[in-house]
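The block underneath contains the structure these notes are about, expressed in structure tokens.
What follows is calculated from the coordinates using simple rules that are stated; it is not laboratory data. If you're wondering where the values come from, they're calculated on a predicted model, not measured in any experiment. Heads up, the Cβs are rebuilt from the backbone with ideal geometry, glycines too, and the neighbour counts pull from every protein chain shown.
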Amino acid sequence: MFFVAGIGALGGAVGVVALRNPFYSVLALVAHLVCLAVLFLLLQAEFLAAAQVVVYAGAVMVLYVFVVAYVGGSDEPLRPEGGALRVLGPLFAFVLVAELCIALLGSSLSLIDSQGGDVPARFGTPAEIGSLLLQKFLVSFEAASYLLLVAAVGAVVLARRRRGLEEDETSGLSTEAGGQPKGAPAAAKSAGGAGTVRPSGMSATSSRLRPEAPGGNH
Amino acid sequence: MDVSWFLVLSAFIFGIGAAGVLSRRNPLVVLLCLELMLNGANLALVAFARMHGDGGGQIFALIVMVIAACEVAVGLGIIVAIFRRRLPVDVDELSDLRG
């Protein structure tokens, strides 16, 4: 079972890199993610495997398919002029894999050549994950939720349709230079607001998180 | 199956993703290869969580999935903006920061 899923995952990964058409790359990544979910199941991470299939292979990949269909998957040659990176990239990757394997297998971890230590019966179940998320890792859970909110707002600001781009941009630059204390909403209306909204959102996030942190640990 | 097999597999997935990030030109495919690298790290995290019998690694992998979703949202927004402004969808020619 491990070898079937592992070969599937490796084949999907090679397909993502090697296929010319981005649309086929996305499909190869979906196959890779499903094989990875099988590997998660073998490692007794049931909730994570379900989340991988539903969230990753379901939702995120649909987003990719829409954008590939919108931008248009052009059959591009991989690198026609044969740049230096064409040779150096795979070479660097090979060195990286060799180094990682040496570091992993040469480590003196006592359990690495076993099936893993004894785990409780509820290891990896949704109940266990939920209680860990809401008790021990509450701060990172909250930070992840704020990050998702900021990313959603940032994506909308980045990808919305802008009318009269050139005039808007010059006025946006002058507001950014002179009227910075006006705050995020004023800057968001200008075309240059994409760069302004996200940093202010991030600082608001961190300043709101900081008072929570001591209480969240207990 | 030993934990070391999973770790070697995760190293290979990470390496393939790194090769793709370095050698492809289409920003969409670069984003896909970034996903590959994140997934390789995820597999290593879950394997270590199984090895130690500790649920913290699985929580870490879950948070990594959230980070990947955020990265996809912002990255695809940038790509759509690039496409709307009729700029070339090619990471080699998009090398200046001037709007």
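Quick notes
- Shape category assigned to segment A:1-64 from the gyration tensor of Cα positions, a/c cut at 1.5: oblate
- Top of B:Leu34, B:Leu45, B:Leu22 by mean-square fluctuation, Gaussian network on chain B, Cα under 10 Å: B:Leu22
- Within a Gaussian network of chain B (alpha carbon springs, distance under 10 Å), most fluctuating of B:Gly53, B:Gly40, B:Gly75: B:Gly53
- Efficiency of FRET from Cβ geometry, A:Val119 and A:Glu142, R₀ 35 Å, rounded to 0.05: 0.80
- Gyration tensor (alpha-carbon) shape descriptor, segment B:3-84, a/c threshold 1.5: oblate
- Taking B:Met65, B:Met37, B:Met51 as the candidate residues, the one with maximal mean-square fluctuation in a Gaussian network model of chain B, Cα springs under 10 Å, is B:Met51.
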